[in-house]
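Undergrad: Have a look at this one before I ask anything.
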Amino acid sequence: MRRELSGAVAIPIVLAILFVGPPLLFNLLVAVVALCALWEFYRMAEKSGHRVAKTLGLAAAGLVLGAAALRWSPIHFETSGDVVEVVGRTSPVWWYGAAVAFVFAASIAPLLGRLDPAAALSCAAATVFGVGAVALPATSLCFLRAHSPRAVLLLLLIVWVCDSCAYYVGRRIGKTPLAPVVSPKKTWEGTIGGLIGATLFGAAAGTWWFLPQLGPARGALAGALASSAGQVGDLVESLWKRGAGVKDSGRFLPGHGGFYDRIDSLLFAGPVMAAFLLGL
């Protein structure tokens with residue numbers, strides 16, 4: 001019951017922000033959710049035996065997500081009768097310098113924290129990897145919002161259709177375990193059912209309202225690629241949770257687990273969808 005109630009409240013709010021609110025508001029929502037998911041990732045890393053420089057990682061992720069939010073949020077102002085569009089652009093040199101500085105800081109953090117030398121490497125690696133695995137792919141949602149709110153909705157529905165089809169097909173006819181050690185309930189039959197369902201949905205969505213410029217063939221390809229990536233993302237998070245010995249990444253969302261549980265598929269499917277649209 002809590003799952004249905006939280007979904008009934010959250011879904012209309014997200015859709016309103018996506019279609020009615022300005023791009024910056026949606027991008028800030030992405031940033032907040034991604035930072036919460038990163039916090040959960042770091043907690044799982046600690047439960048797996050890795051010390052993490054959480055403050056440093058969250059600060060770096062905040063800069064990445066904030067830059068993406070501004071980069072893909074057009075801001076208009078009027079001057080001398082002309083409307084000028086300002087977009088937060090940053091130089092590649094700045095990004096390179098910031099990335100190197102972050103890696104250096106993560107390497108130094110175990111030294112400043114007087115960490116056991118045996119744990120220093122895993123601390124630095126987990127801190128940097130968390131930003132790369134959560135914050136960076138989350139920025140793809142900001143790009144998709146700048147492309148079109150319908151592109152974001154298409155991605156969300158592809159992932160949802162894939163999950164639903166995989167669940168029902170796996171429950172009805174699933175017999176062959178997909179990854180028994182990581183996720184015992186997932187089957188190859190369910191995985192294939194999810195792929196087929198998302199591919200058919202992508203073909204239909206590319207024909208009608210969502211992104212008709214795709215057409216059925218490219219819509220089907222988008223559905224197949226994004227859903228496949230999403231299923232991999234779900235398995236990867238299951239792997240992290242198995243290693244941490246937890247069922248859910250967190251308890252922020254009643255009946256849904258944590259934030260990372262909700263966006264694990266999107267973190268893989270989002271960049272794939274963004275790359276697909278860039279390649280058109």
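Undergrad: Among the residues of the range 236-247, which ones are open to solvent by 70 Å² or more (accessible area, probe 1.4 Å) and under 17 Å from the mean Cα position of the chain (by Cα)?
TA: Once the filter is applied, which keeps residues that are open to solvent by 70 Å² or more (accessible area, probe 1.4 Å) and under 17 Å from the mean Cα position of the chain (by Cα), the range 236-247 yields Leu239, Trp240.
Undergrad: Any residue in the range 233-247 that is of a type in the set (Ser, Thr, Tyr) sitting within a Cβ distance under 9 Å of a residue that is surrounded by 18 or more Cβ atoms within 10 Å (Cβ to Cβ) and in a helix (DSSP H, G or I)? List the pairs, counting only those 6 or more apart or interchain.
TA: Ser238/Asp264
Undergrad: Can you name the condition, by its number, that Gly270 falls short on among (1) of a type in the set (Gly, Ala, Ser); (2) in contact with a Pro (Cβ under 7 Å, 6 or more places away or on another chain); (3) modelled with pLDDT under 95?
TA: (3)
Undergrad: Looking only at helices (runs of 4 or more DSSP H) that lie completely in the range 1-98, which have at least 3 residues being surrounded by fewer than 17 Cβ atoms within 10 Å (Cβ to Cβ) and modelled with pLDDT under 85?
TA: 2-19
Undergrad: Which ones in the range 113-129 are open to solvent by 50 Å² or more (accessible area, probe 1.4 Å), in a helix (DSSP H, G or I) and either over 17 Å from Val100 (Cα atoms) or touching a Lys or Arg at 6+ places or on another chain (Cβ under 8 Å) (or both)?
TA: Result: Pro117, Ala118.
Undergrad: Which residue pairs have Cβ atoms under 9 Å apart, sit 6 or more places apart or on different chains, and have a first residue in the range 166-179 that is more than 20 Å from Val232 (Cβ to Cβ) and touching a residue at least 12 places away in the same chain (Cβ under 8 Å) and a second that is open to solvent by less than 100 Å² (accessible area, probe 1.4 Å) and charged (D, E, K, R)?
TA: Ile173/Glu189; Lys175/Glu189
Undergrad: List every residue pair whose Cβ atoms lie under 9 Å apart, where the two residues are 6 or more positions apart in sequence or sit on different chains, the first residue falls within the range 130-144 and is free of Cβ contacts under 8 Å to residues at least 40 places away in the same chain and over 14 Å from Asp264 (Cβ atoms), and the second residue, located anywhere, is assigned to a helix (DSSP H, G or I) and among the charged types (D, E, K, R).
TA: Close Cβ pairs satisfying both conditions: none exist.
Undergrad: Can Gly170 be described as open to solvent by less than 20 Å² (accessible area, probe 1.4 Å) and touching a strand residue (DSSP E or B) at 6+ places or on another chain (Cβ under 6 Å)?
TA: The answer is yes for Gly170.
Undergrad: Hey, can you tell me all the residues within the range 175-196 that are among the small types (Gly, Ala, Ser), crowded, with 17+ Cβ neighbours inside 10 Å and at pLDDT below 95?
TA: Answer for the range 175-196, where residues must be among the small types (Gly, Ala, Ser), crowded, with 17+ Cβ neighbours inside 10 Å and at pLDDT below 95: just Ser183.
Undergrad: Counting only residues that are without any contact (Cβ under 8 Å) to a residue 24 or more places away in the chain and open to solvent by 20 Å² or more (accessible area, probe 1.4 Å), which one in the range 248-261 is nearest to Met44 (Cα to Cα)?
TA: Among residues in the range 248-261 that are without any contact (Cβ under 8 Å) to a residue 24 or more places away in the chain and open to solvent by 20 Å² or more (accessible area, probe 1.4 Å), the one nearest to Met44 (Cα to Cα) is Asp248.
Undergrad: Continuing with the same structure: So the check is Cβ under 6 Å with 6+ separation or different chains; which pairs have a first residue in the range 214-228 that's farther than 9 Å from Ala198 by Cα and a second one that's open to solvent by less than 10 Å² (accessible area, probe 1.4 Å) and aliphatic (A, V, I, L, M)?
TA: If the second residue must be open to solvent by less than 10 Å² (accessible area, probe 1.4 Å) and aliphatic (A, V, I, L, M), the pairs left are Gly219/Ala205.
Undergrad: How many residues are buried (at least 19 other Cβ atoms within 10 Å of the Cβ) and either at pLDDT below 95 or of a type in the set (A, V, I, L, M, F, W, C) (or both) when one looks only at the range 216-233?
TA: Total meeting the criteria: 7.
The values are calculated or read from the model by the stated rules, or taken from the named source; none is laboratory data. These numbers were taken from a predicted model, which means no experiment stands behind them. A quick note on method: Cβ atoms are made from the backbone with ideal geometry, for glycine too, and the neighbour counts reach across all protein chains shown. Side chains included, ligands, DNA and RNA excluded: accessible areas come from the protein's heavy atoms. Shrake-Rupley method; radii C 1.70, N 1.55, O 1.52, S 1.80 Å.
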